[in-house]
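Below is one structure, written out as C-alpha coordinates; comments come after it.
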Amino acid sequence: MRALRAELEAVRALDGATGLAGLVAMAQRLLGKPVALFDDQGRVAVSAPRDSSVFPSLDVLRAAGDPVRGHLLLGAGHATSLARRHLLGVLRGPGDEAMGWVSVQEKGAILGPYDSAVLDLLSRRLAGEMRMHRRVAALAADARSHLARQLVRGTAAAQDLRATGSHLGVDVDVERILVVLIQGTNEPRLSSGPSEWEHALSQRLGLDVIATRGSQGLMLLVEVEAGVPGPQQTSGIRDAVTDLIDELEGSDAVAGVGEPVQPSLLPRAYREVHQVALCASRNSGSTRVLALDDVGPLRLFLANLDSTVLHQHVDTKVGALLQGGHVDLLRTLQTWFDHDRSARATAAALSVHENTVRLRLGRVHHLTGLDPTSSVAQLDLQLALLILRIHGHPAMQDSSHRRVEAAAEASPNVEGGHA
(Lines give C-alpha, C1' and ligand atoms only; values in the text may rest on other atoms or scores of the structure.)
Protein backbone atom coordinates (compact mmCIF):
# COMPACT_ATOMS: atom_id res chain seq x y z
CA MET A 1 0.00 0.00 0.00
CA ARG A 2 2.85 2.38 0.79
CA ALA A 3 4.45 1.74 -2.61
CA LEU A 4 1.14 2.34 -4.40
CA ARG A 5 0.62 5.59 -2.52
CA ALA A 6 4.13 6.75 -3.46
CA GLU A 7 3.48 5.97 -7.14
CA LEU A 8 0.18 7.91 -7.07
CA GLU A 9 1.99 10.89 -5.58
CA ALA A 10 4.59 10.62 -8.35
CA VAL A 11 1.83 10.60 -10.97
CA ARG A 12 0.32 13.79 -9.52
CA ALA A 13 3.73 15.46 -9.27
CA LEU A 14 4.67 14.66 -12.86
CA ASP A 15 1.23 15.72 -14.09
CA GLY A 16 1.88 19.12 -12.52
CA ALA A 17 5.28 19.54 -14.18
CA THR A 18 5.53 21.39 -17.50
CA GLY A 19 8.09 21.11 -20.29
CA LEU A 20 11.01 18.76 -20.67
CA ALA A 21 13.13 20.55 -18.07
CA GLY A 22 10.24 20.65 -15.61
CA LEU A 23 9.58 16.91 -15.92
CA VAL A 24 13.25 16.01 -15.47
CA ALA A 25 13.60 18.32 -12.47
CA MET A 26 10.47 16.87 -10.83
CA ALA A 27 11.71 13.30 -11.35
CA GLN A 28 15.02 14.23 -9.73
CA ARG A 29 13.21 15.65 -6.70
CA LEU A 30 11.03 12.55 -6.40
CA LEU A 31 13.93 10.08 -6.64
CA GLY A 32 16.77 12.07 -5.11
CA LYS A 33 19.03 10.76 -7.87
CA PRO A 34 20.54 12.44 -10.98
CA VAL A 35 18.21 12.30 -13.99
CA ALA A 36 19.25 13.08 -17.57
CA LEU A 37 17.37 13.38 -20.86
CA PHE A 38 19.27 12.53 -24.08
CA ASP A 39 18.29 13.48 -27.62
CA ASP A 40 18.41 11.03 -30.53
CA GLN A 41 22.12 11.82 -31.04
CA GLY A 42 23.00 10.87 -27.47
CA ARG A 43 23.57 14.45 -26.35
CA VAL A 44 22.42 15.49 -22.88
CA ALA A 45 19.49 17.83 -23.52
CA VAL A 46 18.41 18.34 -19.88
CA SER A 47 19.87 17.09 -16.63
CA ALA A 48 19.05 17.57 -12.96
CA PRO A 49 21.05 18.46 -11.08
CA ARG A 50 23.56 20.06 -13.43
CA ASP A 51 26.69 18.27 -12.28
CA SER A 52 29.71 16.64 -13.88
CA SER A 53 28.33 13.10 -13.69
CA VAL A 54 29.48 10.63 -16.35
CA PHE A 55 26.61 9.84 -18.71
CA PRO A 56 26.24 6.91 -21.13
CA SER A 57 27.68 7.48 -24.61
CA LEU A 58 25.60 7.23 -27.79
CA ASP A 59 27.13 3.84 -28.58
CA VAL A 60 26.16 2.53 -25.14
CA LEU A 61 22.64 3.92 -25.47
CA ARG A 62 22.11 2.36 -28.89
CA ALA A 63 23.66 -0.94 -27.85
CA ALA A 64 21.29 -1.17 -24.90
CA GLY A 65 18.51 -2.34 -27.24
CA ASP A 66 14.82 -2.45 -26.42
CA PRO A 67 14.07 -2.20 -22.72
CA VAL A 68 12.08 -4.85 -20.91
CA ARG A 69 8.90 -3.49 -19.24
CA GLY A 70 9.77 0.04 -20.37
CA HIS A 71 13.28 0.25 -18.88
CA LEU A 72 16.61 -1.56 -18.54
CA LEU A 73 19.65 -1.45 -16.31
CA LEU A 74 23.08 -0.35 -17.54
CA GLY A 75 25.88 -1.79 -15.46
CA ALA A 76 28.99 0.07 -14.37
CA GLY A 77 32.44 -0.93 -15.56
CA HIS A 78 34.71 -1.10 -18.58
CA ALA A 79 32.01 -2.19 -21.06
CA THR A 80 29.94 0.95 -20.53
CA SER A 81 32.64 3.33 -19.20
CA LEU A 82 30.21 4.22 -16.41
CA ALA A 83 31.24 4.77 -12.81
CA ARG A 84 27.74 3.94 -11.55
CA ARG A 85 24.76 1.93 -12.73
CA HIS A 86 22.04 3.69 -14.74
CA LEU A 87 18.38 2.85 -15.17
CA LEU A 88 17.49 3.64 -18.77
CA GLY A 89 14.21 4.36 -20.57
CA VAL A 90 13.70 4.83 -24.32
CA LEU A 91 11.44 7.59 -25.67
CA ARG A 92 9.46 6.25 -28.63
CA GLY A 93 8.14 8.25 -31.58
CA PRO A 94 5.05 7.60 -33.74
CA GLY A 95 6.96 5.10 -35.89
CA ASP A 96 8.40 3.40 -32.78
CA GLU A 97 11.77 5.03 -33.52
CA ALA A 98 13.93 6.17 -30.60
CA MET A 99 13.45 9.93 -30.14
CA GLY A 100 15.81 9.92 -27.18
CA TRP A 101 16.59 8.31 -23.84
CA VAL A 102 16.19 9.15 -20.16
CA SER A 103 18.39 7.76 -17.39
CA VAL A 104 18.37 7.65 -13.62
CA GLN A 105 21.82 7.34 -12.06
CA GLU A 106 22.42 5.15 -9.03
CA LYS A 107 23.77 7.78 -6.66
CA GLY A 108 22.93 8.30 -2.98
CA ALA A 109 20.80 5.13 -2.82
CA ILE A 110 20.48 1.80 -4.61
CA LEU A 111 18.10 1.68 -7.58
CA GLY A 112 14.83 -0.02 -6.71
CA PRO A 113 11.24 -0.66 -7.84
CA TYR A 114 10.15 2.92 -7.08
CA ASP A 115 12.87 4.27 -9.38
CA SER A 116 11.65 1.94 -12.13
CA ALA A 117 8.03 3.01 -11.67
CA VAL A 118 8.86 6.72 -11.78
CA LEU A 119 11.16 6.23 -14.80
CA ASP A 120 8.35 4.48 -16.70
CA LEU A 121 5.97 7.36 -15.94
CA LEU A 122 8.61 9.92 -16.83
CA SER A 123 9.48 8.17 -20.13
CA ARG A 124 5.86 8.24 -21.31
CA ARG A 125 5.38 11.89 -20.42
CA LEU A 126 8.69 12.97 -21.96
CA ALA A 127 7.86 11.04 -25.16
CA GLY A 128 4.52 12.84 -25.40
CA GLU A 129 6.18 16.19 -24.81
CA MET A 130 8.83 15.53 -27.47
CA ARG A 131 6.21 14.43 -30.01
CA MET A 132 4.37 17.70 -29.40
CA HIS A 133 7.62 19.65 -29.81
CA ARG A 134 8.26 17.87 -33.09
CA ARG A 135 4.82 18.76 -34.42
CA VAL A 136 5.29 22.41 -33.44
CA ALA A 137 8.77 22.48 -34.97
CA ALA A 138 7.46 20.91 -38.19
CA LEU A 139 4.69 23.51 -38.44
CA ALA A 140 7.19 26.34 -37.85
CA ALA A 141 9.56 24.87 -40.46
CA ASP A 142 6.73 24.64 -42.99
CA ALA A 143 5.76 28.24 -42.29
CA ARG A 144 9.35 29.48 -42.72
CA SER A 145 9.69 27.48 -45.92
CA HIS A 146 6.47 28.97 -47.28
CA LEU A 147 7.66 32.47 -46.40
CA ALA A 148 10.96 31.92 -48.22
CA ARG A 149 9.08 30.62 -51.27
CA GLN A 150 6.83 33.69 -51.32
CA LEU A 151 9.83 36.03 -51.09
CA VAL A 152 11.59 34.34 -54.01
CA ARG A 153 8.46 34.23 -56.15
CA GLY A 154 7.48 37.82 -55.30
CA THR A 155 3.78 36.92 -55.44
CA ALA A 156 2.64 37.98 -51.96
CA ALA A 157 1.75 41.46 -50.76
CA ALA A 158 4.39 43.17 -48.63
CA GLN A 159 1.91 43.64 -45.77
CA ASP A 160 1.11 39.91 -45.69
CA LEU A 161 4.80 39.02 -45.75
CA ARG A 162 5.51 41.35 -42.83
CA ALA A 163 2.66 39.85 -40.80
CA THR A 164 3.92 36.30 -41.39
CA GLY A 165 7.51 37.31 -40.73
CA SER A 166 6.54 39.02 -37.48
CA HIS A 167 4.80 35.85 -36.30
CA LEU A 168 7.87 33.73 -37.12
CA GLY A 169 10.46 36.22 -35.89
CA VAL A 170 11.80 36.86 -39.42
CA ASP A 171 12.55 40.37 -40.69
CA VAL A 172 11.31 40.30 -44.28
CA ASP A 173 12.50 43.83 -45.07
CA VAL A 174 16.25 43.27 -44.69
CA GLU A 175 18.58 42.63 -47.61
CA ARG A 176 19.39 38.98 -48.21
CA ILE A 177 21.84 36.93 -50.22
CA LEU A 178 20.25 34.11 -52.20
CA VAL A 179 21.90 30.69 -52.45
CA VAL A 180 20.58 28.16 -54.98
CA LEU A 181 21.64 24.57 -54.32
CA ILE A 182 21.04 21.97 -57.04
CA GLN A 183 21.93 18.35 -57.59
CA GLY A 184 24.35 17.20 -60.24
CA THR A 185 23.74 14.40 -62.70
CA ASN A 186 24.57 11.39 -60.52
CA GLU A 187 21.88 11.68 -57.86
CA PRO A 188 18.13 12.25 -58.30
CA ARG A 189 17.62 14.41 -55.22
CA LEU A 190 19.52 16.38 -52.59
CA SER A 191 20.12 14.36 -49.44
CA SER A 192 19.17 17.08 -46.92
CA GLY A 193 16.05 19.21 -46.79
CA PRO A 194 15.47 22.93 -46.22
CA SER A 195 15.34 22.70 -42.42
CA GLU A 196 18.69 20.87 -42.19
CA TRP A 197 20.39 23.39 -44.47
CA GLU A 198 18.70 26.32 -42.75
CA HIS A 199 19.92 25.23 -39.32
CA ALA A 200 23.44 24.26 -40.42
CA LEU A 201 24.10 27.42 -42.44
CA SER A 202 22.64 29.66 -39.73
CA GLN A 203 24.86 28.00 -37.13
CA ARG A 204 27.92 28.35 -39.35
CA LEU A 205 27.35 32.03 -40.21
CA GLY A 206 25.60 33.28 -37.08
CA LEU A 207 22.92 34.86 -39.28
CA ASP A 208 19.22 34.29 -39.90
CA VAL A 209 18.58 31.87 -42.77
CA ILE A 210 15.25 30.79 -44.24
CA ALA A 211 15.10 28.00 -46.80
CA THR A 212 12.65 26.29 -49.11
CA ARG A 213 12.63 23.57 -51.73
CA GLY A 214 12.01 24.47 -55.35
CA SER A 215 11.41 22.33 -58.41
CA GLN A 216 15.14 22.13 -59.14
CA GLY A 217 16.76 22.26 -55.71
CA LEU A 218 16.93 24.34 -52.55
CA MET A 219 16.80 28.11 -52.12
CA LEU A 220 18.48 29.62 -49.06
CA LEU A 221 17.96 33.26 -48.09
CA VAL A 222 20.76 34.55 -45.84
CA GLU A 223 20.24 37.79 -43.93
CA VAL A 224 22.84 40.43 -44.76
CA GLU A 225 25.10 41.47 -41.89
CA ALA A 226 25.07 45.24 -41.44
CA GLY A 227 28.38 47.01 -41.89
CA VAL A 228 30.11 44.17 -43.76
CA PRO A 229 30.98 44.73 -47.46
CA GLY A 230 28.93 42.65 -49.89
CA PRO A 231 31.91 40.84 -51.50
CA GLN A 232 33.19 39.81 -48.08
CA GLN A 233 29.80 38.40 -47.09
CA THR A 234 29.44 36.56 -50.38
CA SER A 235 32.89 35.03 -49.92
CA GLY A 236 32.02 33.87 -46.40
CA ILE A 237 28.76 32.29 -47.54
CA ARG A 238 30.51 30.59 -50.45
CA ASP A 239 33.09 29.04 -48.10
CA ALA A 240 30.40 27.92 -45.63
CA VAL A 241 28.23 26.34 -48.34
CA THR A 242 31.27 24.57 -49.80
CA ASP A 243 32.01 22.97 -46.41
CA LEU A 244 28.38 22.07 -45.75
CA ILE A 245 27.93 20.38 -49.12
CA ASP A 246 30.54 17.82 -48.03
CA GLU A 247 28.92 17.44 -44.60
CA LEU A 248 25.23 17.32 -45.58
CA GLU A 249 25.19 15.97 -49.11
CA GLY A 250 28.27 13.88 -49.78
CA SER A 251 27.35 13.89 -53.46
CA ASP A 252 27.81 16.02 -56.55
CA ALA A 253 25.63 18.87 -55.33
CA VAL A 254 26.64 22.35 -56.49
CA ALA A 255 25.50 25.87 -55.62
CA GLY A 256 25.32 29.44 -56.81
CA VAL A 257 25.65 32.41 -54.43
CA GLY A 258 24.17 35.82 -55.21
CA GLU A 259 24.76 39.34 -53.97
CA PRO A 260 22.92 41.37 -51.29
CA VAL A 261 19.53 42.42 -52.68
CA GLN A 262 16.35 44.01 -51.41
CA PRO A 263 13.41 41.59 -50.99
CA SER A 264 11.64 43.04 -54.05
CA LEU A 265 14.61 41.99 -56.25
CA LEU A 266 14.72 38.36 -55.10
CA PRO A 267 12.71 36.99 -58.08
CA ARG A 268 15.25 38.45 -60.51
CA ALA A 269 18.10 37.34 -58.27
CA TYR A 270 16.81 33.76 -58.41
CA ARG A 271 17.05 33.65 -62.20
CA GLU A 272 20.61 34.95 -62.09
CA VAL A 273 21.81 32.74 -59.23
CA HIS A 274 20.18 29.64 -60.70
CA GLN A 275 22.23 30.26 -63.86
CA VAL A 276 25.35 30.48 -61.70
CA ALA A 277 24.51 27.11 -60.11
CA LEU A 278 24.06 25.63 -63.58
CA CYS A 279 27.53 26.91 -64.47
CA ALA A 280 29.00 24.87 -61.64
CA SER A 281 26.85 21.86 -62.56
CA ARG A 282 27.48 21.75 -66.30
CA ASN A 283 31.18 22.43 -66.01
CA SER A 284 31.94 19.77 -63.46
CA GLY A 285 35.35 20.69 -62.14
CA SER A 286 36.83 21.13 -58.69
CA THR A 287 34.73 24.26 -58.01
CA ARG A 288 31.37 23.21 -56.58
CA VAL A 289 30.18 26.64 -55.41
CA LEU A 290 30.28 29.76 -57.57
CA ALA A 291 29.28 33.31 -56.74
CA LEU A 292 27.54 35.70 -59.10
CA ASP A 293 30.65 37.86 -59.03
CA ASP A 294 32.75 34.85 -60.12
CA VAL A 295 30.99 34.54 -63.46
CA GLY A 296 29.12 37.81 -64.09
CA PRO A 297 27.37 38.04 -67.48
CA LEU A 298 29.45 35.12 -68.76
CA ARG A 299 27.06 32.83 -66.86
CA LEU A 300 24.78 33.07 -69.91
CA PHE A 301 27.41 31.19 -71.93
CA LEU A 302 28.51 28.74 -69.26
CA ALA A 303 24.99 27.76 -68.21
CA ASN A 304 23.81 26.96 -71.72
CA LEU A 305 26.81 25.69 -73.72
CA ASP A 306 27.93 22.09 -73.90
CA SER A 307 31.07 21.29 -71.90
CA THR A 308 32.82 20.04 -75.05
CA VAL A 309 32.30 23.41 -76.72
CA LEU A 310 33.67 25.18 -73.66
CA HIS A 311 36.79 23.01 -73.59
CA GLN A 312 37.34 23.70 -77.25
CA HIS A 313 37.06 27.42 -76.52
CA VAL A 314 39.82 27.16 -73.90
CA ASP A 315 42.09 25.22 -76.24
CA THR A 316 41.51 27.67 -79.08
CA LYS A 317 41.94 30.88 -77.08
CA VAL A 318 44.58 30.15 -74.43
CA GLY A 319 45.85 26.70 -75.42
CA ALA A 320 49.26 28.18 -76.28
CA LEU A 321 49.60 29.46 -72.71
CA LEU A 322 48.59 26.11 -71.22
CA GLN A 323 50.82 24.02 -73.43
CA GLY A 324 53.78 26.26 -72.78
CA GLY A 325 53.24 26.24 -69.02
CA HIS A 326 52.97 30.03 -68.85
CA VAL A 327 51.38 30.15 -65.39
CA ASP A 328 52.79 33.66 -64.80
CA LEU A 329 51.00 34.95 -67.89
CA LEU A 330 47.69 33.33 -66.92
CA ARG A 331 47.90 34.70 -63.39
CA THR A 332 48.86 38.16 -64.61
CA LEU A 333 46.01 38.20 -67.12
CA GLN A 334 43.45 37.15 -64.50
CA THR A 335 44.76 39.68 -61.97
CA TRP A 336 44.63 42.39 -64.64
CA PHE A 337 40.94 41.65 -65.24
CA ASP A 338 40.30 41.45 -61.47
CA HIS A 339 41.72 44.97 -61.07
CA ASP A 340 39.73 46.66 -63.84
CA ARG A 341 42.52 46.28 -66.39
CA SER A 342 44.80 48.62 -64.43
CA ALA A 343 48.50 47.93 -64.91
CA ARG A 344 49.36 49.82 -61.73
CA ALA A 345 46.89 47.91 -59.53
CA THR A 346 47.91 44.61 -61.12
CA ALA A 347 51.58 45.32 -60.49
CA ALA A 348 50.85 46.12 -56.86
CA ALA A 349 48.79 42.93 -56.42
CA LEU A 350 51.56 40.79 -57.94
CA SER A 351 54.44 42.74 -56.38
CA VAL A 352 56.06 43.43 -59.76
CA HIS A 353 56.83 46.54 -61.81
CA GLU A 354 54.16 48.03 -64.10
CA ASN A 355 56.41 47.46 -67.09
CA THR A 356 56.50 43.75 -66.19
CA VAL A 357 52.71 43.65 -66.37
CA ARG A 358 52.72 45.35 -69.78
CA LEU A 359 55.42 42.98 -71.07
CA ARG A 360 53.46 39.96 -69.93
CA LEU A 361 50.26 41.21 -71.59
CA GLY A 362 52.30 41.69 -74.74
CA ARG A 363 53.49 38.09 -74.55
CA VAL A 364 49.85 36.95 -74.14
CA HIS A 365 49.07 38.83 -77.37
CA HIS A 366 52.04 37.27 -79.13
CA LEU A 367 51.30 33.69 -78.04
CA THR A 368 47.50 33.67 -78.41
CA GLY A 369 46.94 36.23 -81.13
CA LEU A 370 44.46 37.99 -78.81
CA ASP A 371 45.16 41.54 -77.65
CA PRO A 372 44.07 41.83 -73.99
CA THR A 373 43.49 45.58 -74.49
CA SER A 374 40.96 44.90 -77.27
CA SER A 375 37.34 44.84 -76.12
CA VAL A 376 36.56 42.07 -78.61
CA ALA A 377 39.39 39.82 -77.39
CA GLN A 378 38.64 40.49 -73.73
CA LEU A 379 35.38 38.53 -73.82
CA ASP A 380 37.12 35.48 -75.30
CA LEU A 381 39.95 35.67 -72.78
CA GLN A 382 37.71 36.19 -69.76
CA LEU A 383 35.47 33.27 -70.71
CA ALA A 384 38.51 31.01 -71.13
CA LEU A 385 39.94 32.10 -67.76
CA LEU A 386 36.58 31.56 -66.07
CA ILE A 387 36.35 28.00 -67.40
CA LEU A 388 39.87 27.34 -66.13
CA ARG A 389 38.96 28.74 -62.71
CA ILE A 390 35.86 26.56 -62.44
CA HIS A 391 37.98 23.52 -63.25
CA GLY A 392 40.54 24.42 -60.61
CA HIS A 393 43.54 25.38 -62.72
CA PRO A 394 46.45 26.23 -60.35
CA ALA A 395 46.90 29.71 -61.81
CA MET A 396 43.27 30.53 -60.99
CA GLN A 397 42.97 29.08 -57.50
CA ASP A 398 43.40 32.32 -55.55
CA SER A 399 41.66 34.63 -58.02
CA SER A 400 38.39 34.73 -56.08
CA HIS A 401 40.19 35.97 -52.96
CA ARG A 402 41.94 38.68 -54.99
CA ARG A 403 38.61 39.86 -56.34
CA VAL A 404 37.13 40.09 -52.83
CA GLU A 405 40.14 42.05 -51.57
CA ALA A 406 40.08 44.37 -54.59
CA ALA A 407 36.36 45.03 -54.15
CA ALA A 408 36.77 45.71 -50.43
CA GLU A 409 39.62 48.15 -51.10
CA ALA A 410 37.59 49.95 -53.75
CA SER A 411 34.54 50.41 -51.50
CA PRO A 412 35.47 49.82 -47.85
CA ASN A 413 32.37 51.54 -46.49
CA VAL A 414 29.80 49.90 -48.73
CA GLU A 415 27.61 47.22 -47.17
CA GLY A 416 26.73 45.57 -50.47
CA GLY A 417 25.17 46.21 -53.85
CA HIS A 418 22.13 44.90 -55.67
CA ALA A 419 21.93 42.17 -58.25
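Counting 0.36 nm for each residue step from R134 to S342 and taking away their Cα separation leaves a gain of 69.2 nm.
For a quick check, take a GNM of the chain with Cα springs below 10 Å and name the residue from G230, G22, G206 with the largest mean-square fluctuation. Its mean-square fluctuation being the largest, the pick is G22. Solvent-accessible surface of the chain, taken per residue with a 1.4 Å probe and all protein chains present: 49 Å².
The R358 and L322 beta-carbon pair, evaluated with R₀ = 25 Å, returns a calculated FRET efficiency of approximately 0.65.
How would you classify region 118-217 from its alpha-carbon gyration tensor, with a ≥ b ≥ c the square roots of the eigenvalues: rounded for a/c under 1.5, else prolate if a/b is greater than b/c, otherwise oblate? List each step's numbers first, then the result.
Numbers: a/c = 2.32, a/b = 1.42, b/c = 1.63.
Judged from the Cα gyration tensor, region 118-217 comes out oblate (a/c at least 1.5, b/c at or above a/b).
Let's test the formula: R0 of 60 Å, r as the Cβ-Cβ distance of D39 and H366. What FRET efficiency results, to the nearest 0.05? E(calc), rounded to 0.05, equals 0.40.
Using the Kirkwood radius built from alpha carbon pairs, what does the Stokes-Einstein equation give as D for the chain at 37 °C and 0.692 mPa s, in µm² per second? All intermediate terms of the calculation are to be shown ahead of the outcome.
On the way: Rh = 25.4 Å.
Stokes-Einstein gives a translational diffusion coefficient of 129 µm²/s.
For region 303-356, rounded, prolate or oblate, judged on the Cα gyration tensor with a ≥ b ≥ c (square roots of eigenvalues), a/c < 1.5 rounded, else prolate if a/b > b/c?
Values: a/c = 4.00, a/b = 1.90, b/c = 2.10.
Oblate is the answer for region 303-356, as a/c is 1.5 or above yet b/c matches or exceeds a/b.
A Gaussian network model of the chain, with springs between Cα atoms under 10 Å, assigns the largest mean-square fluctuation among A347, A384, A63 to A63.
When R149, R2 are compared by accessible area at a 1.4 angstrom probe, the order from most to least is R2, R149.
Quick check: from the Cα gyration tensor, does region 1-145 come out rounded (a/c under 1.5), prolate or oblate? Judged from the Cα gyration tensor, region 1-145 comes out oblate (a/c at least 1.5, b/c at or above a/b). For G236, the shell of other residues with beta-carbons less than 10 Å away shows a net charge of 0, using +1 for Lys and Arg and -1 for Asp and Glu.
Among H133, H353, the sequence by solvent-accessible area, most first, with a 1.4 Å probe is H353, H133.
When the chain is treated as a GNM with alpha-carbon contacts under 10 Å, the residue of S195, S103, S145 showing the greatest mean-square fluctuation is S103.
Simple spin-label estimate for H78 and Q378 gives 7.4 nm between the two label positions (7 Å along the Cα-to-Cβ direction from each Cα).
The values are calculated or read from the model by the stated rules, or taken from the named source; none is laboratory data. Predicted model only: the values in this text are computed from it and were never measured. Cβ: placed from backbone, ideal geometry, glycine included. Neighbour counts: every protein chain shown. Heavy atoms of the whole protein, side chains included, go into the accessibility calculation; ligands, DNA and RNA do not. Shrake-Rupley method; radii C 1.70, N 1.55, O 1.52, S 1.80 Å.
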